[in-house]
1. Which one is farthest from the chain's Cα centre (by Cα) among residues in region 332-342 that are open to solvent by 10 Å² or more (accessible area, probe 1.4 Å) and among the hydroxyl-bearing types (S, T, Y)?
2. Output yes when any residue across region 238-257 is small (G, A, S), at pLDDT below 95 and more than 21 Å from I163 (Cα to Cα), and no when none is.
3. It is to be established whether one or more residues within region 8-15 are assigned to a loop (DSSP other than H, G, I, E, B), at pLDDT 95 or above and either open to solvent by less than 50 Å² (accessible area, probe 1.4 Å) or in contact with a helix residue (DSSP H, G or I) (Cβ under 7 Å, 6 or more places away or on another chain) (or both).
4. Consider region 52-95. How many of its residues are at pLDDT below 95 and β-branched (V, I, T)?
5. Looking at (1) open to solvent by 10 Å² or more (accessible area, probe 1.4 Å); (2) modelled with pLDDT of 95 or more; (3) under 30 Å from N135 (Cα atoms), can you tell me which one S329 breaks?
6. List the residue pairs whose Cβ atoms are under 9 Å apart, where the first residue sits in region 83-108 and is in a loop (DSSP other than H, G, I, E, B), the second is modelled with pLDDT of 95 or more and among the aromatic types (F, W, Y), and the two are 6 or more positions apart or on different chains.
7. Within region 130-166, can you find the residues that are of a type in the set (A, V, I, L, M), touching a helix residue (DSSP H, G or I) at 6+ places or on another chain (Cβ under 6 Å) and part of a loop (DSSP other than H, G, I, E, B)?
8. Looking only at region 377-415, which residues are open to solvent by less than 40 Å² (accessible area, probe 1.4 Å) and on the phi > 0 side of the Ramachandran plot?
Amino acid sequence: MKQIKRFENKKVLVLGLAKSGEAAARLLDTLGAIVTVNDGKPFEDNPTAQTLLEAGIRVICGEHPLELLDEDFALLVKNPGIRYDNPMVERALEKGIPVWTEVELAYLVSEAPIIGITGSNGKTTTTTMIAEVLNRGQQSAKLCGNIGFPASSVAQNAGADDILVMELSSFQLMGIEAFHPRIAVMTNLIPTHIDYHGSFEDYVAAKWRIQEQMTEDDVVILNMDQEIAGTLAEQTRAQVLPISTHKVVDGAYLSYGQLYFKGERVMAASEIGVPGSHNVENALATIAVARTVGVHHQAIKEALSAFGGVKHRLQYAGQVEGVTFYNDSKSTNILATQKALSGFENARVILIAGGLDRGNEFDELVPDLVGLKHMIIMGESAPRLKRAAEQAGVAYIEAQDVADATRKAYQLAVAGDTVLLSPANASWDRYANFEVRGDSFLNTIEELKGNK
């Protein structure tokens, strides 16, 4: 870790705890800052705040007093999920206090170069793929960021011979200044989190901050199957390395079922360890990164062939009496479900879909539903999904929740069929998050196995 002095004896406010807030507070304390942590959860119900207090860090819990910002703070580090119209954040900005997220701290102390991965879909899978391929290629890759390992914690223990492979959300990227990855990946861009950003344009601008400090010595990887990528390619100083599943490009591409990098065959798409056209895109991005840092084709092929996916992201969940189950609970929008379905033969698929009703119809999904063996529809969005199923000519039944849907899907299935949980909706009508929803699917599969 770089021993920087800029925070010594400076007052810093950490707003919001969770993993990233705790990591930021502890790092800043190590760097000699005078740290105050402010979290909305009451102290008596806040074990993280309690342990920070025991470590000598000031904590203020249960409320967010605006007068706290009169204490002449030099910096505010906020939890990425806290919006910029939050009164504390607004007051800090009015006072000219810089507002960061903890990935900026990670960059400042990291001795290791950073590979940053962002985009709308596929971030976690691509980040994990990249780390596994680099490690197979004798590189020392460390996962961190939005994937669940706070970047500022991982960066402290990384040396110059390591590589930080960092998943980055738009929320995190809004809070950077000097952050400078050596390689940046933009998986794709679709309208999402508009309730946070206000418009698709502002969402794209937040994502595109990943390359603000990059130079002609750095590389940004763009998915040229999207029209917007061509526009972004003209707006960066970095070298653009394209990927495509539709055309030959001067980078990584798919051609006649084979994956290539600059004209050299790497492997067959069918050899990737996880199905789906989106995983072909993820693999191409991974190949582009790996070849840029010098990993050889054989190591890339071995790692991608062995890749088992990421929990809740088109995760292979086993078989019961010849029926195969896939957990794609992370598919919280139409595009993600379209890409999941692309990896299967519809006639053998029973799709479980539905969840939070955000007011959108599913007309775009209809062509992808055609030919499905059956659908199990659940959640607030059920009426809209029923209309889509009827337009596609697919039989469907309703379920109360994921567990009920899984049991009903299994009853309809025969050996050789696939039951796919790919909801095309967020989970918040019934579940705290997509992980809880996916865990319910996995637990029900285990019950089914136990009954055999």
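The values are calculated or read from the model by the stated rules, or taken from the named source; none is laboratory data. Source: prediction; values computed, not measured. A quick note on method: Cβ atoms are made from the backbone with ideal geometry, for glycine too, and the neighbour counts reach across all protein chains shown. Keep in mind that these areas ignore ligands, DNA and RNA; they rest on the heavy atoms of the full protein, side chains included. Shrake-Rupley method; radii C 1.70, N 1.55, O 1.52, S 1.80 Å.
1. S342
2. First, the residues of region 238-257 that are small (G, A, S): 238, 244, 251-252, 255, 257.
Next cut, at pLDDT below 95 only: none.
Among the residues of region 238-257, not one is small (G, A, S), at pLDDT below 95 and more than 21 Å from I163 (Cα to Cα), which makes the answer no.
3. Step one: filter region 8-15 for residues assigned to a loop (DSSP other than H, G, I, E, B), giving 8-10.
Now drop any that are not at pLDDT 95 or above, which leaves 8-10.
From what is left, the residues that are either open to solvent by less than 50 Å² (accessible area, probe 1.4 Å) or in contact with a helix residue (DSSP H, G or I) (Cβ under 7 Å, 6 or more places away or on another chain) (or both) are none.
No, region 8-15 has no match at all.
4. The total comes to 1.
5. Here S329 clears every test but (1).
6. Close Cβ pairs satisfying both conditions: K95/F73; I97/F73.
7. I147
8. Passing the criteria: only G379.
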